[in-house]
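Here the structure is laid out as structure tokens; the discussion comes afterwards.
The values are calculated or read from the model by the stated rules, or taken from the named source; none is laboratory data. Every value quoted in this text rests on a predicted model; they were computed, and no experiment measured them. Here the Cβ is made from the backbone with ideal geometry for all residues, glycine too, and neighbour counts use every protein chain on show.
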């Protein structure tokens, strides 16, 4: 049996009772750690599970998935995912490959940023498609997210922007010397995301994410020190959101009265200087 | 302290460890039971919590919320919501009213149908706005959902349709005799939803939810006997989805290859006759 188990967003205690029961029945436990991360280290999970946890990087899940499937073919195996199970494409892939091998699968859901982001007051049913922002480099500045924001905006919907994370990225300078050394993990901040949005708005000028666009920055949703701030992109750009993970929501052109009432509890204007 | 705690979708074991810890610290526990229901009775929750649970109907939450707030002002109080916390508008309202009274609030998230629906294979980031379908009556056939489906369809997005539930609806015949009697709860089935969609498509003819439109019917997501079926509306109309709760997803005009590959595991054509 291969269990796909969502871990939720905060720490080891965000697993469900059913999820924990399933994990406890498993001989092998893999933790996917490259599309998101918990607010605590793997040691906390191992202490709770009383069992070692194998950290599965992108390479293992995408290229060496046989290791996970071989295990699931002979014993109960857990594949743990921060947030919910099917946020990232690769996990459908793993599910399909398990099915192809006639391995039984079971999915145990949990909160994802895709639903938990509603804690800011914006109504979940008013969100359009979700976009992902990647770290821009000198030569690679992909901005296909912009057209999706324009589409959502045109039918008065909010846009959740998921921000890039880079874990276990090889250091190319070292690689050229024949050594494999990994760079420290990087997590895009709301501020960096806003810089990208403003840059791309400047390029296409369709008026969806300029300095005066209303947005909500969210940091560490579901963790004890969760931080939410509502304001214009220009205002939020100056706010310190602290530790990762960050996400950003671009508000629809119209916010409903009830949305605004709740958002105002997080208004940047109320921040203590 | 007022804890807003998501219960997830299946049974009492879908609460998170953190959620359970919070509930155990509470002197009063309210369960919102009118926007969704768990697959088990309140008795199972009470057994797990070792504490009575007060079932809060719409009237209590919307008109008598002071009862909840008064409790939260003096002792730890839990407000339990099936799925995640902020699926339904009224819960933002309760959150705001608690804040107005300077009552501390804490939100503990969980899976919602809004993210768990991705278990069918459709990618979550490709969903547009969510629509709700109400039971049509002779004289009241609201179809504003149709325009939203058209909007999503026009930018190639999936549409999650949430289906009406009626719990604790007064029996008007009895009411006229001066007696308050409640009708048995009713839950819209995928089949009923499809009838409404086909009727409205027939009226506006924009080609978004006719008999050949591709869709996914989901029943009891996250429960052991979860059932998912993928096909055209015409095909799904004839499928028995069993016990509630049901939801329906209208697929975007284009499904991606990976989506289709996973959807096909639920293809109506594979159903054993």
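Numbers for the structure displayed
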{"item": "Options A:244, A:224: the member that is part of a loop (DSSP other than H, G, I, E, B), in contact with a strand residue (DSSP E or B) (Cβ under 6 Å, 6 or more places away or on another chain) and more than 21 Å from residue A:153 (Cα to Cα)", "result": "A:244"}
{"item": "Residue within the stretch B:86-96 that is surrounded by 18 or more Cβ atoms within 10 Å (Cβ to Cβ), at the interface with chain A (Cβ under 9 Å from one of its Cβ atoms), farther than 20 Å from residue A:124 by Cβ and free of Cβ contacts under 8 Å to residues at least 60 places away in the same chain present", "result": "no"}
{"item": "Close pairs from the stretch B:11-23: first at the interface with chain A (Cβ under 7 Å from one of its Cβ atoms) and buried (at least 20 other Cβ atoms within 10 Å of the Cβ), partner assigned to a helix (DSSP H, G or I) and at pLDDT 95 or above, Cβ under 7 Å, at least 6 apart", "result": "B:14/A:18; B:15/A:17; B:16/A:13; B:16/A:14; B:18/A:13; B:18/A:14"}
{"item": "Filtered residues of the stretch A:152-168 (kept if in contact with a strand residue (DSSP E or B) (Cβ under 9 Å, 6 or more places away or on another chain) and free of Cβ contacts under 8 Å to residues at least 40 places away in the same chain)", "result": "A:164, A:166"}
{"item": "Residues (in contact with a strand residue (DSSP E or B) (Cβ under 6 Å, 6 or more places away or on another chain), in a helix (DSSP H, G or I) and within 7 Å of another protein chain (Cβ to nearest Cβ)) located in the stretch A:97-123", "result": "A:119"}
{"item": "Matching residues, the stretch A:126-147, being within 12 Å of chain B (Cβ to nearest Cβ) and within 19 Å of residue A:246 (Cβ to Cβ)", "result": "A:127, A:130, A:131, A:132, A:145"}
{"item": "Failed item in (1) over 20 Å from the mean Cα position of the chain (by Cα); (2) modelled with pLDDT of 95 or more, with residue A:175 passing the rest", "result": "(2)"}
{"item": "So residue B:151, is it part of a loop (DSSP other than H, G, I, E, B) and under 17 Å from residue A:124 (Cα atoms)", "result": "no"}
{"item": "Segments classed as strands (runs of 3 or more DSSP E), wholly inside the stretch A:1-82, with at least 1 members that are more than 29 Å from residue A:182 (Cα to Cα) and touching a helix residue (DSSP H, G or I) at 6+ places or on another chain (Cβ under 7 Å)", "result": "A:2-6"}
